[in-house]
Every structure is written in structure tokens, then in C-alpha cells.
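The values are calculated or read from the model by the stated rules, or taken from the named source; none is laboratory data. Just so we're clear, the structure is a prediction, and the values are computed from it rather than from any experiment. For neighbour counting, all protein chains shown are included, and Cβ atoms are generated from backbone atoms with ideal geometry for every residue, glycine included.
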Amino acid sequence: MENRMIRKMKTIFMKLKTNLAIMGMFTLVIFLTACASFRKADMYRDPNMDFGSIKTVAVLPLANLTRETLAADRVRDVLANSLYATGGVYVVPPGEVARGLSRAGVINFSSPSIEEVKKLGGILSVDAVITGVVKEYGEVRSGSVAANVVSMSLQVVETQTGKVIWAASTTKGGVSAWDRLLGGGGEPADDVTERAVNDLIEKLF
Amino acid sequence: MSTGCARPASTRRGEDFAGKEHIRVAVFPIINLSGTPAPLKDLRQLLVEGLTDRGIDLLDEETLQGYMTRHRLRYTGGIDIETARTLKEETGVDAVLITTVELYNYTDPPKISLWSRLVSTGSMPKILWVDGRAMAGNDSPGLLGLGLIDDPRLLLKKTVQSLLDSLSASLANVDQGARSAGKPLQPKVEYRLPVFNPAMKYRVAIVPFYDLSGRKNAGEIMELQFLNAMKRFENFELIEPGIVRAKLLNYRIILWRGVSMANADILFDVLDADLILGGTVYKYDDYQGGYGVPAVEFSALLLDRRSREMVWSSKSINKGDDRVYFFDIGKINTAQKLATEMVSGVMDQMVAK
């Protein structure tokens with residue numbers, strides 16, 4: 001009688017173990033696929049481009065799609081400084097970029113035409129220009145919880161050909177599950193901006 | 001004090017007056033950069049009385065007014081070469097005291113921020129001393145709030161006294177050490193090109209920062225902040241901002257969005273400068289009343305004449321309560337004090353080995 005009970009228990013336990021293993025593998029597959037598709041969707045890199053040849057860049061004023069009037073200027077400043085601080089590329093000072101844009105007659109800074117990019121390349125003596133959009137900057141609410149979020153996308157355009165050689169986007173901050181559970185205002189906007197910019201720079205290099 | 005290779009100059013401030021029994025000083029009318037009304041006449045009176053009490057020989061009011069009328073001198077926030085030369089020739093003064101009001105807020109608790117500098121006259125004006133003071137009525141509340149100051153006139157007097165003590169110590173060649181309320185606040189991002197060697201001697205022109213903040217005159221205030229911080233290092237020879245301003249006006253240079261290389265080339269040439277320091281100020285916020293925190297955000301850059309490159313760049317963002325962990329201990333109440341520590345942090349990194 002006792003032996004029968006033990007055998008039955010063992011069978012149930014074995015079935016449970018098999019089910020758990022199948023579920024675990026299934027979850028792992030879902031996670032891995034999700035990560036893979038995410039990576040591919042949020043970045044483009046020209047496979048034929050030698051990124052080592054880009055030594056000087058100009059960060060153009062970013063388009064601002066947020067309600068914060070200085071969001072684009074702030075993000076651009078952090079981006080230009082962080083990019084310069086990598087030591088990998090020389091970033092043209094903002095005053096010189098402003099002069100170049102004025103001389104080249106660029107109207108839409110965030111999406112210059114191929115001719116305008118080529119012209120800028122000549123005036124500023126840069127190998128590439130960086131354009132982009134700040135999509136979100138500031139506080140977002142979810143129920144009674146608020147947190148800062150920064151969302152932006154960038155493009156690197158080669159000045160010789162006017163071709164987009166790299167593009168990526170990122171979103172950092174926002175209301176996390178932790179914030180929802182325990183409250184709190186999230187990170188300051190400046191820290192979120194820095195994280196977002198560093199994420200893009202990591203993707204670039 | 002910095003751990004860098006550039007040597008601090010605080011011990012040398014008074015050496016320019018060595019060998020002189022007493023110097024004669026002209027106190028220029030005060031410039032108000034606060035964007036709000038301030039008791040400029042009272043402030044000037046306090047300065048004159050304080051300087052007289054300290055035994056400094058002052059140019060009389062009538063002679064100064066006569067000179068200003070004759071030369072149609074209206075801008076007193078700086079001194080250019082021509083003014084410095086004629087002032088010396090016509091009145092015999094050795095130096096001028098240029099004072100600026102950065103903040104005058106009389107609502108309880110009052111807050112006052114001042115800048116002052118002593119510039120020599122003659123054919124080549126030189127900054128002899130520069131310092132700033134910022135005080136708030138609630139800086140030291142003490143036990144049961146007994147240390148609170150609610151009278152703006154009393155706070156103004158205290159601020160002026162503190163500023164003049166610094167000047168007297170400098171004239172007496174007494175080392176006060178570098179004034180800093182605490183540990184410098186380091187920039188968030190910074191980078192220096194290897195071509196810039198901070199151990200070398202440089203002649204530096206500081207231009208007003210491009211102002212994107214809501215605060216009136218924040219660009220000029222940041223210029224004074226860097227002037228004060230860079231004066232600590234003897235290998236930086238600073239060009240008097242009045243001379244820089246005069247050249248910008250003479251050559252019709254508008255620094256839109258910062259200094260372009262074309263403008264920098266002109267400035268390098270006409271000012272005989274090795275470096276140009278500029279930047280952008282995004283935030284320079286003081287707060288009114290007892291609740292709130294000041295916030296400052298700026299980026300700074302250095303342009304080098306020889307390499308024609310930006311050799312230094314930094315980004316700083318801080319708030320007055322960044323070092324507060326409990327009971328407001330360590331809180332900074334004025335944007336000037338906060339920015340002074342931030343700029344001090346920038347300079348430490350700029351000259352570090």
C-alpha cells in the first residue's frame with residue numbers, strides 16, 4: 001500500500017517537473033525572441049561604412065516634439081559633450097555649427113537635404129553631421145505616480161555622400177513597476193537624459 | 001583646492017600693490033544684473049564707508065562724476081583700455097572698484113549676491129582682485145531660529161563687510177585661502193584635449209555665456225563666475241571683461257549660440273588671447289521665500305588659438321539640495337554659491353593632471 005502511494009507521488013512529481021521544464025523553455029524562447037527583434041528594430045548601421053574614418057562631427061540642433069521649450073537644446077548639449085568626452089571624435093563647438101548652418105542656408109536643422117549636408121560638410125570641415133528628434137522629455141503620469149522620461153532618436157549623416165549611415169532611438173525613464181508599487185518620483189530628468197544619451201553613444205560605438 | 005598642476009594664485013593677490021604705501025581707488029557706480037530693483041545708492045555708500053574705514057584712499061565723488069561726464073562714460077560694469085588710461089592720467093587713481101549686484105531679494109528671508117573686482121588703471125588694465133559674496137537670511141538659522149536675518153539692510157551690510165574683508169586681506173597680501181563653502185561640485189561630463197596643457201601660461205578672454213535661462217543677465221553672471229574661479233590660478237592671465245566687451249562692440253561681433261571659429265579668430269587677434277572661454281547657461285534660478293532650492297545648469301568650453309580647436313568642454317547640472325540628506329543640512333540657498341562650487345569643480349577638472 002505504502003509502496004503504491006510512493007510510486008504515485010513520484011509519477012506526479014515527474015510530470016510536474018516535465019511541465020515546468022517545458023514552460024521554462026517556452027518562456028526563455030519568448031524572451032530571447034523579444035530581445036532579438038527589439039535590437040534589430042531600434043538601430044540601423046550601414047554595413048559598408050567604415051566608422052573609423054569619421055573623426056569630426058557636428059551635432060545639429062535637434063527637433064523638439066515635446067512641450068518643454070529647452071528640451072532639444074538640453075539634450076543636444078548633453079549629447080555633444082558626452083560624444084566629445086568619449087575622445088573618439090572631435091565635436092565642432094555649437095557657435096561654429098550655428099555659423100555653418102547660417103552660411104549653408106539650412107532651414108530645417110533636424111532634417112537637412114543631401115545638398116545641405118554636403119555644403120555643411122564643406123563649411124564646417126566635418127565628416128558627418130548628427131541630426132535627431134527629442135520625442136519626449138519630462139514627466140509622465142501613470143495613475144498617481146509620476147516619473148521623468150526621455151525619448152529621442154538620432155541619425156548620423158555622412159557629409160561626402162549625404163547618406164544616413166547610422167540611426168537609432170532610445171527611451172529611458174518612465175514609471176516602473178517598482179514606482180507603481182512603492183510610489184516615488186523616479187529619477188531627475190537630467191539623469192534620465194544622460195542615460196538615454198549614453199545608451200545611444202554605446203550603440204554608435 | 002585643486003590637485004592640479006596649475007598653481008593657485010590666492011597667495012599672490014596682494015603682490016600687485018607691493019611697494020606702495022597706499023593706493024587710490026575710484027568706486028564706480030554699481031551695475032545691477034539682478035533684473036529687479038536694488039538699493040544701488042545705499043550699496044555704494046556702504047562700499048565707500050567700508051573702504052574709508054579700512055584706510056583706502058578714495059577718489060572724491062565730484063572728480064569721478066566730472067570725469068564720467070567729460071568722457072560720456074555710462075557703462076560701469078567693466079573698464080576698457082582707453083578709459084583705464086585716461087582715468088589714470090586725469091585723476092591719478094591706481095585702480096577702480098567695479099561692483100555688480102547679482103541678486104537682491106528682500107522678501108523674507110532676504111537674499112543678496114554681489115560681485116566685486118579691483119582693476120588697475122593705466123595703459124594695460126589688469127584684474128588685481130575679484131570675489132563674490134552671496135548670503136541668505138536663512139543661511140544659519142541656529143537654535144530656535146535665532147540666527148535668522150529678516151532685515152535686507154542688515155544682510156546687505158553683512159555681505160558688503162564680508163566682501164570688503166576679502167579685498168582688505170588681498171591688499172594686505174594676507175592669504176585667505178580659496179573661498180569655497182564646501183567640496184566643489186564636479187561636472188557631469190567633461191573632456192580635455194591633450195593639446196591643452198594646463199601647466200602652461202595662457203592669456204584668457206572670457207566671453208559672456210549664451211543665455212538660454214529665464215534669468216536676466218545670466219550670461220554675464222556666468223562670465224563673472226569663471227573670472228573669479230580662474231583668477232585663483234596664476235598661470236591664467238585674465239583679460240578684463242570691459243576690454244573684451246569693448247572689442248566685441250568695436251568689431252560688431254554677436255555671439256549667437258556661442259563663439260564661432262571666425263569670431264574666435266578675430267578675438268584671438270585683437271585681444272592677443274591664447275584661449276577663449278565661453279559656454280551656454282540653461283538654468284540660473286534663485287528662489288523666493290523660505291521654501292525652494294536654487295538650480296544651475298551650464299556648459300563651458302575653451303577654444304585654443306594654436307590648434308583652432310575646442311580643447312575643453314564640460315556640462316554641469318546641480319541643485320541647492322544635492323548634498324542634503326536630512327534636515328536641510330548642507331543646503332545651498334543662492335544660485336551664486338551653488339554656481340561658485342560648480343565652476344570650482346569645472347576648474348579643478350580643467351587643470352587636473
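A few points about this structure:
- Condition met for B:Val189 (among the aliphatic types (A, V, I, L, M), over 20 Å from the mean Cα position of the chain (by Cα), surrounded by fewer than 17 Cβ atoms within 10 Å (Cβ to Cβ) and within 30 Å of A:Leu83 (Cβ to Cβ)): no
- Unique residue being at pLDDT 95 or above, more than 9 Å from chain A (Cβ to nearest Cβ) and under 24 Å from A:Ala98 (Cβ atoms) when the list is B:Leu238, B:Leu301, B:Leu271: B:Leu271
- Test set (1) touching an Asp or Glu at 6+ places or on another chain (Cβ under 9 Å); (2) within 14 Å of another protein chain (Cβ to nearest Cβ); (3) of a type in the set (Phe, Trp, Tyr) - B:Tyr210 fails condition number: (1)
- Qualifying residues in the range A:61-74 (those that are within 13 Å of another protein chain (Cβ to nearest Cβ) and surrounded by fewer than 24 Cβ atoms within 10 Å (Cβ to Cβ)) - the one farthest from A:Gly138 (Cα to Cα): A:Pro61
- Within the range B:257-268, not a single residue is crowded, with 24+ Cβ neighbours inside 10 Å, away from chain A (no Cβ under 14 Å) and at pLDDT below 95.
- For the range B:299-353, a residue qualifies if it is more than 27 Å from B:Met261 (Cβ to Cβ) and among the hydroxyl-bearing types (Ser, Thr, Tyr), and the qualifying residues are B:Tyr325, B:Thr334, B:Thr340, B:Ser344.
- Helices (runs of 4 or more DSSP H) within the range A:88-205 that include 2 or more residues touching a helix residue (DSSP H, G or I) at 6+ places or on another chain (Cβ under 6 Å) and surrounded by 15 or more Cβ atoms within 10 Å (Cβ to Cβ): A:94-104, A:114-124, A:189-204
- Pairs are defined by a Cβ separation below 7 Å, a sequence spacing of at least 6 or placement on different chains, a first member in the range B:310-326 that is at the interface with another protein chain (Cβ under 9 Å from one of its Cβ atoms), and a second member that is surrounded by fewer than 17 Cβ atoms within 10 Å (Cβ to Cβ) and in a strand (DSSP E or B); no pair meets this definition.
- Cβ pairs under 8 Å, 6+ apart, first in the range B:262-279 and of a type in the set (Asp, Glu), second outside any helix (DSSP H, G or I): B:Asp265/B:Arg308; B:Asp272/B:Arg203; B:Asp274/B:Tyr202; B:Asp274/B:Arg203; B:Asp274/B:Val204; B:Asp274/B:Asp304; B:Asp274/B:Arg305; B:Asp274/B:Arg306
- Total residues in the range B:232-267, condition touching a Gly at 6+ places or on another chain (Cβ under 7 Å), part of a helix (DSSP H, G or I) and of a type in the set (Val, Ile, Thr): 0
- Breaking point among (1) within 14 Å of chain A (Cβ to nearest Cβ); (2) part of a loop (DSSP other than H, G, I, E, B), for B:Tyr191: (2)
- Of all residues making up the range B:268-299, the number that are in contact with a helix residue (DSSP H, G or I) (Cβ under 8 Å, 6 or more places away or on another chain) and in a helix (DSSP H, G or I): 2
- So A:Ser82, is it over 26 Å from B:Val311 (Cβ atoms) and of a type in the set (Ser, Thr, Tyr): no
- The single residue among B:Phe226, B:Phe196 that is crowded, with 22+ Cβ neighbours inside 10 Å, within 20 Å of B:Gly345 (Cα to Cα) and not β-branched (Val, Ile, Thr) turns out to be B:Phe226.
- Residues of the range B:274-298 satisfying the condition of being among the acidic types (Asp, Glu) and facing chain A (nearest Cβ under 9 Å): B:Glu297
- Taken over the range A:80-137, the criterion of being closer than 30 Å to A:Asn148 by Cβ, within 14 Å of chain B (Cβ to nearest Cβ) and of a type in the set (S, T, N, Q) is satisfied by A:Asn81, A:Ser82, A:Thr86.
- Here is the figure for the range B:194-207: residues that are charged (D, E, K, R) and either within 14 Å of chain A (Cβ to nearest Cβ) or outside any loop (DSSP other than H, G, I, E, B) (or both) total 1.
- The number of residues in the range A:61-87 that are in a helix (DSSP H, G or I), of a type in the set (Gly, Ala, Ser) and touching a residue at least 60 places away in the same chain (Cβ under 8 Å) comes to 3.
- Test: residue in the range B:339-349 that is assigned to a helix (DSSP H, G or I), of a type in the set (D, E, K, R), modelled with pLDDT under 95 and farther than 30 Å from B:Thr107 by Cα: yes
- The single condition among (1) in contact with a strand residue (DSSP E or B) (Cβ under 7 Å, 6 or more places away or on another chain); (2) closer than 21 Å to B:Leu40 by Cβ that B:Lys126 does not satisfy is (2).
- Answer residue from the range A:106-153, given it is of a type in the set (Lys, Arg) and touching a residue at least 40 places away in the same chain (Cβ under 8 Å) and is farthest from A:Thr193 (Cα to Cα) among those: A:Lys118
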